[in-house]
Amino acid sequence: QCEDYCNGNWSNSNPTTPPPTHSKSPTRTPTTKSPSYFHAQKKCSNDAQVLSTVEALDEMEEITYTVSNSPYTLAVLAEGGAAGPGGSVVSEGQAYGLLAAALSLADMDSTDPLFGDVMDKFWGYYNGWKRMCKNSKPYSTCQPTKHCSGYPCLPAWMHSGDLTIVRGTGAAPDGDVDAIVAMIIGIKVLEGLDSLTQEGQDRVDEIKEWADNSCTSFMDYNTVLSSSGNHRLVKLGSCWGGWDSNGNNPSYHAPGHYRVMRDFQASLALNSGGRPSSYDWDMLIDTSYKFLSIAQCPSGYGSGLVPNWALVQESADGSILEARSGSFSGSGTPQYEFGAEASRTMWRVAFDAVAYPYEAANQAIPFLEPLNTQLVQGYSP
């Protein structure tokens with residue numbers, strides 16, 4: 001399937017046979033830096049540099065700062081764009097660190113000599129995220145109910161490098177979804193380990209509760225229901241963005257992440273307790289794909305691409321979404337450009353296609369196919 005997709009063959013988008021059972025790739029040799037067997041065999045281009053998940057995690061070292069050793073707390077330093085000249089921590093970057101560690105854990109066997117080191121990094125990035133949430137409490141985060149042990153589950157979007165000073169108020173959903181999904185992946189890897197100590201199990205239980213409450217907070221504060229009640233749109237953050245002139249960003253829409261959050265909360269088999277329903281998550285997913293379809297450039301020049309920023313409104317009868325004219329931009333990127341913001345949209349939708357290939361096929365593939373064609377035609381070594 002990977003080779004078919006890379007070669008532009010999408011005919012298997014609606015298979016009638018059940019999904020195959022995938023076996024784990026062989027355990028890597030910890031003394032080398034070579035990519036894992038799976039990545040080495042399945043990469044789409046022979047001249048592309050392909051990193052294993054652990055190698056990608058190692059690349060984070062250059063921008064990772066150790067805030068504390070007790071408890072072990074890591075922060076990912078950001079530079080440029082909305083983060084300024086450097087030395088700040090933005091929720092987007094911190095979430096990348098947490099997600100890189102979680103994906104590495106998921107790609108490793110627990111007997112791998114590097115597993116313990118990667119697990120420590122996962123704890124470290126998570127502790128950094130939790131500290132950002134705790135530091136955000138005295139400030140306006142537009143989260144009236146602080147679901148996470150009396151703290152906002154979604155941190156203010158920018159902090160100082162040592163995580164002591166809040167520099168930007170309000171949560172940002174792009175970082176929030178990556179961090180929440182990273183927690184869920186880490187939980188699924190660690191909760192079944194026979195070798196996990198009681199202290200480790202207590203940590204997993206804490207993260208599970210934090211992730212559950214974070215999912216609820218995300219739905220409550222990072223999304224907004226339309227006036228008709230037919231659509232639920234992800235905002236630019238807990239304090240801003242949304243319908244009409246409030247503005248939106250195609251790369252913030254993460255339908256695959258929403259499916260993970262939906263299924264994670266459903267798997268807990270707990271009383272609703274104010275949690276969003278599967279219907280709420282499915283409406284959010286459906287609205288995201290409707291929005292992405294509107295934002296995507298039609299056939300011709302730029303086909304398949306999306307802009308950094310876009311405006312959207314609901315039709316008068318509330319049945320469909322429509323593009324809204326007007327100017328809107330942020331983070332130092334222009335509106336009508338496939339730039340630093342917009343390029344992340346590929347990752348968001350590709351994640352959905354990989355994580356939920358059968359459920360997402362009819363929505364993800366029509367979006368990805370023209371984009372893939374555009375990238376192939378424009379590729380230059």
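What residue, of V166, V181, V189, is crowded, with 19+ Cβ neighbours inside 10 Å, closer than 27 Å to N69 by Cα and in contact with a strand residue (DSSP E or B) (Cβ under 9 Å, 6 or more places away or on another chain)? Please lay out each step first, then the result.
Working: V181 fails: in contact with a strand residue (DSSP E or B) (Cβ under 9 Å, 6 or more places away or on another chain); V189 fails: in contact with a strand residue (DSSP E or B) (Cβ under 9 Å, 6 or more places away or on another chain).
Sole residue among the options that is crowded, with 19+ Cβ neighbours inside 10 Å, closer than 27 Å to N69 by Cα and in contact with a strand residue (DSSP E or B) (Cβ under 9 Å, 6 or more places away or on another chain): V166.
For segment 205-233, what are the residues that are assigned to a helix (DSSP H, G or I) and either modelled with pLDDT under 95 or open to solvent by 40 Å² or more (accessible area, probe 1.4 Å) (or both)? Quick ask: steps written out before the conclusion?
Within segment 205-233, the subset assigned to a helix (DSSP H, G or I) is 205-221.
Listed by number, the residues that qualify are D205, E206, K208, E209, D220.
Looking at S267, S245, which is the one that is out of contact with any helix residue (DSSP H, G or I) (no Cβ under 6 Å at 6 or more places or on another chain), open to solvent by 10 Å² or more (accessible area, probe 1.4 Å), farther than 22 Å from A355 by Cβ and hydroxyl-bearing (S, T, Y)?
Details: S267 fails: farther than 22 Å from A355 by Cβ.
The match here is S245.
Scanning for something closer than 29 Å to N308 by Cα and either open to solvent by less than 40 Å² (accessible area, probe 1.4 Å) or modelled with pLDDT of 90 or more (or both), does segment 67-76 turn up at least one residue? Walk me through it before giving the result.
Kept after step one, since they are closer than 29 Å to N308 by Cα, are these residues of segment 67-76: 75-76.
Those left that are additionally either open to solvent by less than 40 Å² (accessible area, probe 1.4 Å) or modelled with pLDDT of 90 or more (or both): 75-76.
Taking every residue of segment 67-76 in turn, at least one turns out to be closer than 29 Å to N308 by Cα and either open to solvent by less than 40 Å² (accessible area, probe 1.4 Å) or modelled with pLDDT of 90 or more (or both).
Filter segment 136-153 down to the residues that are open to solvent by 40 Å² or more (accessible area, probe 1.4 Å) and over 22 Å from the mean Cα position of the chain (by Cα), then identify the one that is nearest to A172 (Cα to Cα).
Kept after step one, since they are open to solvent by 40 Å² or more (accessible area, probe 1.4 Å), are these residues of segment 136-153: 137-140, 142, 144-147, 149, 151.
Subset that is over 22 Å from the mean Cα position of the chain (by Cα): 137-140, 144-145, 149.
Working: K137: 15, P138: 17, Y139: 15, S140: 13, P144: 16, T145: 17, S149: 20 Å.
The qualifying residue nearest to A172 (Cα to Cα) is S140.
Residues of segment 336-360 being over 19 Å from the mean Cα position of the chain (by Cα) and either of a type in the set (V, I, T) or modelled with pLDDT of 95 or more (or both), which ones?
Y358 - this is the single residue of segment 336-360 that is over 19 Å from the mean Cα position of the chain (by Cα) and either of a type in the set (V, I, T) or modelled with pLDDT of 95 or more (or both).
Checking S288 against (1) part of a helix (DSSP H, G or I); (2) open to solvent by 10 Å² or more (accessible area, probe 1.4 Å); (3) small (G, A, S); (4) over 25 Å from W129 (Cα atoms), which single condition isn't satisfied?
For S288, the exception is condition (2).
Consider M283 against the criteria (1) assigned to a helix (DSSP H, G or I); (2) touching a residue at least 24 places away in the same chain (Cβ under 8 Å); (3) of a type in the set (A, V, I, L, M, F, W, C); (4) in contact with a helix residue (DSSP H, G or I) (Cβ under 9 Å, 6 or more places away or on another chain): it satisfies all of them except one. Which criterion is unmet?
Unmet for M283, out of (1) assigned to a helix (DSSP H, G or I); (2) touching a residue at least 24 places away in the same chain (Cβ under 8 Å); (3) of a type in the set (A, V, I, L, M, F, W, C); (4) in contact with a helix residue (DSSP H, G or I) (Cβ under 9 Å, 6 or more places away or on another chain): (4).
Might you check whether a residue that is among the hydroxyl-bearing types (S, T, Y) and touching a strand residue (DSSP E or B) at 6+ places or on another chain (Cβ under 7 Å) occurs anywhere in segment 151-160? Walk me through it before giving the result.
Of all residues in segment 151-160, those among the hydroxyl-bearing types (S, T, Y) come to 151, 160.
If we keep only those that are touching a strand residue (DSSP E or B) at 6+ places or on another chain (Cβ under 7 Å) as well, we get 160.
Yes, segment 151-160 has at least one match.
Among the residues of segment 134-152, which ones are of a type in the set (K, R) and closer than 16 Å to C215 by Cβ?
So the first thing to find is which residues in segment 134-152 are of a type in the set (K, R), and the list is 134, 137, 146.
Passing the criteria: only K146.
List the pairs whose first member sits in segment 184-212 and is under 16 Å from S110 (Cβ atoms), whose second member is among the acidic types (D, E), and whose Cβ atoms are under 8 Å apart, counting only residues at least 6 apart or on separate chains?
Q201/E191; V204/E191
How many residues does segment 320-366 hold that are part of a loop (DSSP other than H, G, I, E, B) and among the basic types (K, R)? Show your work before the answer.
Of the residues in segment 320-366, the ones part of a loop (DSSP other than H, G, I, E, B) are 320, 324-329, 331-332, 334-343, 356-360.
Narrowing further to those that are among the basic types (K, R): 324.
Here the count works out to 1.
The values are calculated or read from the model by the stated rules, or taken from the named source; none is laboratory data. Because the structure is a prediction, the values reported are computed rather than measured. Here the Cβ is made from the backbone with ideal geometry for all residues, glycine too, and neighbour counts use every protein chain on show. Heads up: the accessible areas ignore ligands, DNA and RNA and are worked out on the full protein's heavy atoms, side chains in. Shrake-Rupley method; radii C 1.70, N 1.55, O 1.52, S 1.80 Å.
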